[in-house]
Amino acid sequence: ATLLEAHLSTEVGDAQPASACRCPALAGVLTPARVRALERDGFLVLEGRDAPLGPGVVSQARGDAVAAMQQGRFARTSNDSDVRQDMVCWIRETDGTPDAVDDTHRRVRRLGDGLLECVRLLRGVAQALETSGYGTPLGECLHVPQQLQLAWYPADGTSRYVRHLDACVDSALDLGLLEWLRTRDYRERAVTAILYLNASDWCADRGGALRLHHPEFQRDSASPDGPSPGAHFDVLPRGGTLVLFDSRRVEHQVLPTNEDRFALTLWIIGRAKPEIGSRWTWFASSEPLQK
Ligand SMILES: O=C(O)CCC(=O)C(=O)O
Ligand SMILES: [Fe+2]
């Protein structure tokens, strides 16, 4: 059975085409070879020397995140509290500017320069993926929401997020029409992009790793022999580390953290190309993602 993430989904009404969100800092970063690895493995981790942003920008962004925390911008999610114990703050580049989406967002503090740079980097990932010919399973084109999730897992030794999938991959037949309509935004999620804003020397004993469960492992679980335990890959949430994974294939979890842990996440969405067919193609297909 699919584990469906149940928190409020990103607003995607004002998403932009990938081509409108170019980020110079990504030039030469998402090379065709790395994008092929992402397609093959379902995930890609760029850390250490491969990380796209310098430590200066990341620590500035962490300061901006702490400031947002002190301004009371973080709130619990609508998930059950046993699913996840982080607090989140939804941010847009335009927050605190005349171009903000509404009056409430015009009144909040502008994002700091460090956080702005991180937002622009994540929002540029879709364009960089398309340039390297990233192929979504459904041949969709990528779109970039304006809204990103800034999450804070408090340093209490228990804050975590249980194993889940970011996208809803169940068909209308499985879900029923109402539930299917309710989960529309989750179905559009194609690629999860996460940038960590923590210290660059985060070590394993602080906990808080992102555990990625290998897609092959999930497929195996349908076999009578059952999966071999331990088929996963842990990523330490070191500042500057960029993780990309297929939102529909890669189950993942956040292990309990002993240290305040900040993660900035963008869900890149995939929308059917007009020439391939409308969303009704998905609707009609009972197993749209089993290829
Ligand atoms: O912070 C992370 O490493 C992942 C968080 C996550 O899985 C989510 O917010 O859906
Ligand atoms: Fe997730």
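The values are calculated or read from the model by the stated rules, or taken from the named source; none is laboratory data. Note that the coordinates shown come from a computational prediction; the quantities given were computed from them, not determined experimentally. Ideal geometry is used to build each Cβ from the backbone, glycine not excepted, and the neighbour counts take in all protein chains shown. Quick note on the areas: whole protein, heavy atoms, side chains included, nothing else; ligands and nucleic acids left out. Shrake-Rupley method; radii C 1.70, N 1.55, O 1.52, S 1.80 Å.
Looking at the structure I just gave you, is residue 56 more than 20 Å from the chain's Cα centre (by Cα) and on the phi > 0 side of the Ramachandran plot? Working first, answer last.
On the way: more than 20 Å from the chain's Cα centre (by Cα): yes; on the phi > 0 side of the Ramachandran plot: no.
Taking the combined requirement at face value, the residue does not satisfy it.
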| Selection within the stretch 120-156 - assigned to a helix (DSSP H, G or I) and either under 13 Å from residue 89 (Cα atoms) or open to solvent by 50 Å² or more (accessible area, probe 1.4 Å) (or both) | 120, 130, 131
| Given (1) outside any loop (DSSP other than H, G, I, E, B); (2) away from ligand 2 (no atom under 16 Å from the Cβ); (3) open to solvent by less than 60 Å² (accessible area, probe 1.4 Å); (4) of a type in the set (A, V, I, L, M), index of the condition residue 33 fails | (3)
| message | Among the residues in the stretch 51-62, are any at pLDDT below 95, more than 15 Å from ligand 1 (Cβ to nearest atom) and farther than 20 Å from residue 199 by Cα? | response | no
| request: Scan 136, 183, 158 and give me the residue that is β-branched (Val, Ile, Thr), in contact (Cβ under 8 Å) with a residue 40 or more places away in the chain and within 14 Å of residue 10 (Cβ to Cβ). | output: 183
| query | residue 101 versus (1) more than 21 Å from the chain's Cα centre (by Cα); (2) in contact (Cβ under 8 Å) with a residue 60 or more places away in the chain; (3) under 28 Å from residue 232 (Cβ atoms): which is the lone unmet condition? | reply | (3)
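Out of all the residues in the stretch 156-189, which are of a type in the set (Gly, Ala, Ser) and within 14 Å of ligand 1 (Cβ to nearest atom)?
Pass one, the stretch 156-189, residues of a type in the set (Gly, Ala, Ser): 157, 159, 167, 171-172, 176.
Passing the criteria: 159, 167.
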| note | In the stretch 103-119, anything open to solvent by 60 Å² or more (accessible area, probe 1.4 Å) and not in a helix (DSSP H, G or I) is listed as 109, 110
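In the stretch 48-58, which residues are crowded, with 17+ Cβ neighbours inside 10 Å and not β-branched (Val, Ile, Thr)? Walk me through it before giving the result.
Let us first name the residues in the stretch 48-58 that are crowded, with 17+ Cβ neighbours inside 10 Å, namely 51-53, 57-58.
Listed by number, the residues that qualify are 51, 52, 53.
Looking for something in a helix (DSSP H, G or I) and under 19 Å from residue 123 (Cβ atoms) - is there at least one such residue anywhere in the stretch 65-79?
Applying the first criterion (in a helix (DSSP H, G or I)) to the stretch 65-79 yields 65-70.
In the following step, the residues that additionally are under 19 Å from residue 123 (Cβ atoms) were identified as 65, 68.
Yes, there is a match, as at least one residue in the stretch 65-79 is in a helix (DSSP H, G or I) and under 19 Å from residue 123 (Cβ atoms).
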| said: Here's a check for you: in the stretch 175-192, which residue that is surrounded by 14 or more Cβ atoms within 10 Å (Cβ to Cβ) and either in a loop (DSSP other than H, G, I, E, B) or more than 16 Å from ligand 2 (Cβ to nearest atom) (or both) is modelled with the highest pLDDT? | reply: 175
